[in-house]
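Below: one structure, written as structure tokens.
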Amino acid sequence: MTKPALRNDVRIIDTTLRDGSHAMAHRFTETQVRDTVRALDAAGIEWIEVSHGDGVGGSSFNYGFSGTDEMTLIAAAREEARTAKIAVLLVPGIGTVDDLKRAHDAGAEMVRVATHCTEADVSPQHFAAARELGMETVGFLMMAHRTDPADLAKQARIMVDAGCECPYVTDSAGALLMHEAKARFEALLDEVGDEALVGYHGHQNLSMGVANSVIAYETGVRSIDGSLCALGAGSGNSPTEVLAAVFDRLGIDAGVDAGLLLDAAEDVVRPYLQRWPKMDRNAVVQGWAGVYSSFLLHAERAGERYKVPAHDILRRCGELGYVGGQEDMIIDVAITLAAERDEA
Amino acid sequence: MDTPKVPVAIVGPGHIGTDLLVKLQRSDVLDLRYVAGIVESEGLARAREAGVEASAGGVDWLLAQDPLPRIVFEATSAKAHAANAPRYEAAGIRAVDLTPAHLGPMVCPAVNGEDHLDAVNVSMITCGGQATIPMVAAVSRVTPVPYAEIVASISSRSAGPGTRANIDEFTHTTGGAVAEVGGADRGKAIIVLNPVEPPMIMRDTVYAMIGADADRAAITASVHDMVLKVQEYVPGYTLRAEPQFDEPTDEWGGHARVAVFLEVKGNGDHLPPYAGNLDIMTAAAARTGELMARAELGALA
């Protein structure tokens, strides 16, 4: 496995059009995608992730149906990008190699294969297919707070041995405090740092995304995710425009124009935001209780439908240890809480 | 007077095969005579302890026995079953296939168990398929289902290396069977592994798209009837709540939705109760074998 070459000190992968899909209830339009890609491309972003929030094949009752077919959006993104390249997410168990091939045909050149942090051995099939297609590969170890650094490193090893060029500490719940994030970065770098890049994907639920990104860089992590206006699940991702400004202040060359990213956030993304991800009670509870960030809108909907507080649903999901993909359990929990309320 | 029984064998004495052994020994129509493996193992030892002839001589040994089994339950791998299936057929032995080989028609006993009684080879689909297809069928026998989707959540401990190495196989096979056996126009399947400790009991959710004016009371009654039918072979198959109906939305193309939430607790025969996903496979296989055996005995009578 050759380690991907870095063009700059660090690469920022923008996931506005993928993680942001959660906050947009998977209703991105082709125009929004084209406008966002043009702005990110002009600002020097190298990789832009586009797909349903739950990855290719995610359009469903369980996660929400895509407003526009994600393959149409990927193809549109590919058309608009002059220097940037397009990445997609794939969650084994939801998406398949067939979905990956369609995304590749539509113009995707990188796949990010995502598993729960202890289940990396469901990913080799998809890494093998991606390498055969000649795609760059990233591995997402989701809910990275749910296992210890040594085990997370073992899981990263499984992915790298299967063809992953860059395993990620993926803080899906926005739960990792700075020392916890750092210990995981160090463990992964120790285990696979000679053969692969290591990445970090943050959420803002406890406001740690940018701070953890700085620690990541200082520790040796060289692939870092962001979203314009933080557009992403829960209270959103580390904002790309903030990462750019902070790295600029630190004298770290991320190869991007911070001013143009601020313009992109303010002039392109903000006008179409249906909700600006924020650290409200529900989102903070997600970071606090370690709940998958994508559960947020589903919990709000179930809360409304069954007349129970969304933050109670989320807290219960944390207690029960539900993982990414188990959005159906949110309804189950809401029904249970409603029954408990009626009995009381 | 003893009721006649049909002689049967298990090939593949792993955890699935051993759980199946316990279930087959309870059967009043199946006579478990042989267990075959390819290496000496704990599974073969358990079979001998249970009074069943067991050998590491594989299919060669099995086919040299007299009398031959009438039905073989195969719990090996897709590759092994593909190699063994023609040999069983040549020897006039029928196969109930628990592997992902899918050579014969897909059978879910509560739904189409009676449809393939004379097939030489039947496929038990997947664990998620066995758990959810009865609910899809319960809805589709009442009202047209243009689309159904199932989500199977299983404990990490109950997902073996075969499932993990080819998780797409689960998604494709189950999604296809939701349509073909469940009766939806289109099907989709999702599987999630959860490592929480203590291990979570298998959970399944079935979403079916239905017409805005579908008869909801009839759907609910049909779901309850079907649960009883599955409980005949999986006692721990239960609804977590009444079927949930959601009103039509534009996102669903103007359709309404019914959601069924299931828990599948295993019988704890050999496998732990949380592994309902594995239990429902062995229970469905045993049930299917019994249906085939009864048909044979009936034809002889």
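The distance from the alpha carbon centre of segment B:142-196 to that of segment A:268-336 is 24 Å, rounded to a whole number. When the Cα gyration tensor is reduced to axis lengths a ≥ b ≥ c, the ratio a/c stays below 1.5 for chain A, which is therefore classed as rounded.
Every Cα-Cα pair in segment A:127-206 was counted, and those over 17 Å apart are 40% of them.
The calculated FRET efficiency for A:K307 paired with B:A165, based on their beta-carbon distance and R0 = 41 Å, is about 0.40.
Where does the Debye-calculated log10 I(q)/I(0) of segment A:248-344 sit at q = 0.12, 0.13, 0.19 Å⁻¹, using only Cα point scatterers of equal weight, no solvent? Values, matching the q order: -0.53, -0.59, -0.86. Count Lys and Arg as plus one, Asp and Glu as minus one, and take only other residues whose Cβ is under 13 Å from that of B:R186; the net charge is then -2. By how many degrees, 0 to 90 and rounded to 10, does the Cα axis of helix B:127-140 deviate from the longest principal axis of chain B? For B:127-140 against chain B, the angle is about 50 degrees. A:A310 sits among other residues whose Cβ lies under 12 Å from its own Cβ, and their net charge, with Lys and Arg +1 and Asp and Glu -1, is +2. Spin-label pair A:E132-B:D185: with each label point 7 Å from Cα along the Cα-Cβ axis, the two points sit 3.3 nm from one another. Within segment A:294-343, the ratio Rg/Rh, alpha carbon atoms throughout and Rh by Kirkwood, equals 0.93.
On association of chains B and A, roughly 3000 Å² of accessible area becomes buried (total for both chains; probe 1.4 Å).
Below 11 angstrom from the Cβ of A:V285, what's the summed charge of the other residues (Lys, Arg +1; Asp, Glu -1)? So the surrounding residues net to +1.
Filter the GluC sites (Glu not before Pro) in segment B:141-238 to those in DSSP coil with at most 16 other Cβ atoms within 10 Å of their Cβ, and list the result. Counting only loop positions with at most 16 other Cβ atoms within 10 Å, the GluC sites (Glu not before Pro) in segment B:141-238 are B:E232. Return the carbon/sulfur percentage of the accessible area of the protein assembly as shown, one whole number, probe 1.4 Å, all protein chains in place. It is 51 percent, rounded to a whole number. In whole angstrom, note down how far apart the Cα centers of segment B:23-61 and segment A:1-66 are. Between the Cα centres of segment B:23-61 and segment A:1-66 lies a distance of 54 Å. The residues of chain B expose on average 38 square angstrom of accessible surface per residue, using a 1.4 Å probe on protein heavy atoms.
For the set A:K101, A:K154, the ranking by accessible area, highest first and with no ligand, DNA or RNA atoms included, is A:K154, A:K101 under a 1.4 Å probe.
Sorting A:W288, B:W61, B:W252 by solvent-accessible area of protein heavy atoms yields A:W288, B:W61, B:W252, largest first, with a 1.4 Å probe. Helix B:78-90 and the longest principal axis of the C-alpha atoms of chain B enclose an angle of approximately 60°.
The phi torsions of segment B:112-123, fed into the Karplus equation with coefficients 6.51, -1.76 and 1.60 and a -60° offset, translate into couplings of 10, x, 8, 7, 10, 5, 10, 5, 7, 8, 10, 9 Hz, rounded to whole numbers, with Gly and Pro shown as x. Which of the residue pairs A:K101/A:K278; B:K5/B:K79; A:K3/B:K188; B:K23/B:K79 have a Cα-Cα distance greater than 27 Å in the structure shown? Cα-Cα > 27 Å for A:K101/A:K278; B:K5/B:K79; A:K3/B:K188; rest within. Computed over chain B, the per-residue total of -39500 (n - 2.57) for DSSP H runs of n ≥ 4 gives a 222 nm mean residue ellipticity of -12000 deg cm²/dmol, rounded to 500. Using the Karplus relation 6.51 cos²θ - 1.76 cosθ + 1.60 with θ = phi - 60°, the per-residue 3J(HN,Hα) values for segment A:179-189 come to 5, 5, 5, 4, 4, 6, 4, 4, 5, 5, 5 Hz, with x marking Gly and Pro.
Which residues of segment B:193-234 show a drop of at least 10 Å² in accessible area when all protein chains are present, compared with their chain alone (probe radius 1.4 Å, heavy atoms only, ligands and nucleic acids excluded)? Residues meeting the cut-off: B:L193, B:N194, B:P195, B:V196, B:M200, B:R203, B:T205, B:Y207, B:M209.
For chain A, the longest principal axis of the C-alpha atoms and the axis of helix A:149-161 are separated by about 50°. A helix-only calculation puts chain A at -13000 deg cm²/dmol for mean residue ellipticity at 222 nm, using -39500 (n - 2.57) for each DSSP H run of at least four residues, averaged over all residues. Residues in segment B:152-163 carry Karplus couplings, in order, of 10, 10, 10, 5, 3, 5, 9, 9, x, x, x, 4 Hz; the curve used is 6.51 cos²θ - 1.76 cosθ + 1.60 with θ = phi - 60°, and Gly or Pro positions show x. In this structure the amide hydrogen of B:Y147, modeled in the peptide plane, comes within under 5 Å of the amide hydrogens of B:D185, B:R186, B:M209, none closer than 5 places in sequence on its chain. The relative contact order of chain A, computed from alpha carbon pairs under 8 Å that lie at least 6 residues apart in sequence, is 18 percent. Under 19 Å from the 7 Å Cα→Cβ point of B:D250, by amide nitrogen: which residues of segment A:300-331? Label zone hits: A:301. Based on C-alpha pairs under 8 angstrom that are at least 6 apart in sequence, chain B has a relative contact order of 18 percent.
Inter-part distance, segment A:90-134 to segment B:256-301, computed on C-alpha centroids, equals 33 Å. The mean sequence distance of close C-alpha pairs (under 8 Å, at least 6 residues apart), as a share of the length of segment B:70-204, puts its relative contact order at 23 percent. Length available on full extension from A:D267 to A:D98: 0.36 nm per residue minus the Cα-Cα distance, which gives 57.2 nm. Within segment B:247-282, which residues have the backbone N less than 13 Å from the label spot 7 Å out from B:E232 along Cα→beta-carbon, could you tell me? The answer is none. Once R0 is set to 22 Å, what does the formula 1/(1 + (r/R0)^6) return for the Cβ-Cβ distance between A:H179 and A:D151, expressed as a FRET efficiency to the nearest 0.05? Efficiency, from the Cβ-Cβ distance: 0.80.
The values are calculated or read from the model by the stated rules, or taken from the named source; none is laboratory data. Bear in mind that the values here come from a model prediction, so they are computed numbers and not experimental data. With ideal geometry, Cβ positions are generated from the backbone for all residues, glycine too; neighbour counts draw on all protein chains shown. Heavy atoms of the whole protein, side chains included, go into the accessibility calculation; ligands, DNA and RNA do not. Shrake-Rupley method; radii C 1.70, N 1.55, O 1.52, S 1.80 Å.
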